[in-house]
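Working notes for the structure below.
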Amino acid sequence: MPSLLKALQSQVGRKILSSITGIGLIIFLIGHLAGNLTLFGEANAFNAYTFNLESLGWILYIIEFVLVLGFILHAYVGISIWWRRRKNRPEGYEKYESKGGPSHMTWSSKSMIFTGIVLLVFLVIHLDSFKFADTEMTTLNGEQVRDLKALVMEKFQTPLYAFGYTFVMILLGLHLRHGFWSAFTSLTMRHNKLSGIVYTIGVVFAILLAIGFIFIPLYIYFTGGQGALISY
Amino acid sequence: MADTFTIHLKIWRQAGPDQPGKLVDYTLDNVNEHMSFLEMLDVLNEQLVAEGKEPVEFDYDCREGICGSCNLMINGQAHGPKALTCTCQLHMRNYSDGDTIVVEPFRARAFPVIKDLVVDRSALDRIIQAGGYISVKTGSAPEANSIPVDKAVSDKAFDYATCIGCGACVAACPNSSASLFTGAKLAHLNRFPQGEPERRKRTVAMVEQMDAEGFGDCSNFAECEAVCPVGISISAIAEMRRDYMKALVAGEEA
């Protein structure tokens, strides 16, 4: 299908690609947060969840492949938009200001390339620290499983990890504040009456998701991993 | 007679295409609050001519806010600080004594500077030429009511048809995207039964031309809607995307 390939390289096609992958990644983040929150469940809940996830075998590989592809496409489109932006206005303005009103020029929308690149670098560090990290083994229902819960507790008791993670999750919230609305708008879901609602949902969603992710490291750090919400 | 006041200007001066330009300071002591922004520049030019200096080149035609010829970046905002206003309809009463105003041309790779504040916006014309029309049989005028058009459809199409092609959307867009302009033309023509036969072909051709002219991607900043002198909604961009995707599914080539 040459026309499909060609169309995906046009600016409209690239935007659609960016929003579809973006929405996919939003769904992934919701799942990821839900999984993380099992840390606050019963003592073995988190390790049981990660063990079950890893036991999916080839299904997990397919999900991971789609995720990696989604991340790469999303990052590629984002970086190329930024690259073209520089190319398409070789001489910038001495003075530039937003006119306000219906404009969505915010800290969030203007910093998409910055927050995006930080998230990409974070992703590599994050996978190295948790997914591909050496972990102690523990016994769960008579089986040897990775003690990821102990690893999380250990990592988030170091200030660099706890606060670095918190900082990046604030940037994630910023990225989503523009990204959520933008993704739905790019997919042409733009009804004059609904658009404002979608924007508000995006803001609320971004704040809730960021708070969800930030709560975990800060709680562990400030309670020394001995907080009442976490049982052993 | 209103009091006159003083305005400091920093105006982009560039002798010609591909020549280096810079902001030059001017001070105007006899600005009247009833002057339009362009009349203020006329006064400056009279002063420059009297001093034997080269006047500042800037674009204009109707000075009534309907032609889309005037195009200035005023203090970093396309057409200046007022919403729904062309540069020619901006009046000096919006400024006060001693204000400094930076005046720059609309900037984009697709809008090369010709001289001073005048840029070549023919890239927008080429987007229109790619498909921004309806092919009809020429000859005697057709009967006006032979194809009924719903009032609501006609009103909506007119909202998009009000685009005067000034290029403020491109100038204000951080990505130099012409999506609002192209979207407005498509949302206007694709709405009508007369526009229906060429709908897919038109959409693909205009989007491809927009890419070829070197306009950037839309990042949904919506700054274009904020600076548009006729208030075209970014819903036009959503409609363009929808029509483009439909054409893509149908395998339409330009």
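The values are calculated or read from the model by the stated rules, or taken from the named source; none is laboratory data. Fair warning: this is a prediction, and the values are worked out from it, not measured in the lab. Ideal geometry is used to build each Cβ from the backbone, glycine not excepted, and the neighbour counts take in all protein chains shown. Heads up: the accessible areas ignore ligands, DNA and RNA and are worked out on the full protein's heavy atoms, side chains in. Shrake-Rupley method; radii C 1.70, N 1.55, O 1.52, S 1.80 Å.
Sequence gap at least 6, Cα distance under 8 Å: using those rules, report the relative contact order of the range B:4-115 to the nearest whole percent.
RCO, the range B:4-115: 35 percent.
For the range B:168-254, with every protein chain kept in place, what is the accessible area per residue (1.4 Å probe, Å²)?
28 Å²
Placing unit charges on C-beta atoms (Lys and Arg positive, Asp and Glu negative, everything else neutral), compute the dipole magnitude of the protein assembly as shown about its Cα centre in debye, rounded to 20.
1100 debye
Calculate for chain A the 222 nm mean residue ellipticity that helices alone would give, adding -39,500 (n - 2.57) per DSSP H run of length 4 or more and normalising by residue count, nearest 500 deg cm²/dmol.
-23500 deg cm²/dmol
So, with a 1.4 angstrom probe, what is the percent of accessible area on the protein assembly as shown that is carbon and sulfur?
Result for the protein assembly as shown: 61 percent of the exposed heavy-atom area is carbon or sulfur.
Can you give the net charge of the other residues whose Cβ lies under 12 Å from the Cβ of B:Lys156, counting K and R as +1 and D and E as -1?
-2
Which whole-number percent is the relative contact order of chain A (Cα, under 8 Å, 6+ apart)?
So the answer I get is 28 percent.
Tally Lys and Arg at +1 and Asp and Glu at -1 over the other residues with C-beta under 15 Å from the C-beta of A:Ile230: what net charge comes out?
-1
Once a ≥ b ≥ c are taken as the square roots of the eigenvalues of the Cα gyration tensor of the range B:4-115, is the result rounded (a/c under 1.5), prolate (a/b larger than b/c) or oblate (a/b not larger than b/c)?
It comes out oblate by the Cα gyration axes.
Using a simple charge model, +1 on the beta-carbon of Lys and Arg, -1 on the beta-carbon of Asp and Glu, nothing else, what dipole does the range A:73-232 show about its Cα centre, in debye to the nearest 20?
1000 debye
Residues of B:229-241, mean number of Cβ from any other protein chain within 10 Å of their own Cβ, rounded to a whole number?
Taking all residues of B:229-241 together, the mean is 4.
Counting only complete DSSP H runs, which helices of chain A cover 18 Å or more along their long axis at the Cα atoms and score a mean Kyte-Doolittle of 1.6 or above?
In chain A, the long hydrophobic H runs are A:112-126, A:192-223.
Return one whole number: the accessible area per residue of the range A:149-220 in Å², for a 1.4 Å probe.
44 Å²
Roughly what angle does helix B:151-161 make with the longest principal axis of chain B, taking Cα atoms, 0 to 90 degrees, to the nearest 10?
Orientation of helix B:151-161: about 40 degrees from the principal axis.
Got a sec to turn the phi values of the range B:8-24 into Karplus ³J(HN,Hα) couplings, 6.51 cos²θ - 1.76 cosθ + 1.60 with θ = phi - 60°, whole Hz, x for Gly and Pro?
Residue by residue, the range B:8-24 yields 9, 10, 10, 10, 6, 10, 9, 5, x, x, 6, 9, x, x, 7, 7, 10 Hz.
I'd like the interface area for chains B and A: accessible area of each alone minus the complex, both sides summed, 1.4 Å probe, protein heavy atoms only. What is it in Å² to the nearest 100?
Approximately 4200 Å² gets buried when B meets A.
Using the charge dipole of the range B:118-254 (Lys, Arg: +1 at Cβ; Asp, Glu: -1 at Cβ; taken about the Cα centre), state which of B:Ile232, B:Val207, B:Gly139 has its Cα farthest towards the positive end.
It is B:Gly139.
First check a/c for chain B, with a ≥ b ≥ c the square roots of the eigenvalues of its C-alpha gyration tensor; if it is under 1.5, answer rounded, and if not, answer prolate when a/b is larger than b/c or oblate otherwise.
prolate
At a threshold of 8 angstrom on Cα-Cα distance, excluding pairs fewer than six apart, so keeping six or more, what relative contact order does chain B reach in percent?
Normalised by residue count, the contact order of chain B is 19 percent.
If I model a spin label at A:Ile207 and B:Thr4 as a point 7 Å from the Cα along the Cα→Cβ vector, what separation in nanometres do I get?
5.4 nm
What angle do you read, to the nearest 10 degrees and between 0 and 90, between the alpha-carbon axis of helix B:37-50 and the longest principal axis of chain B?
Value to nearest ten degrees: 50.
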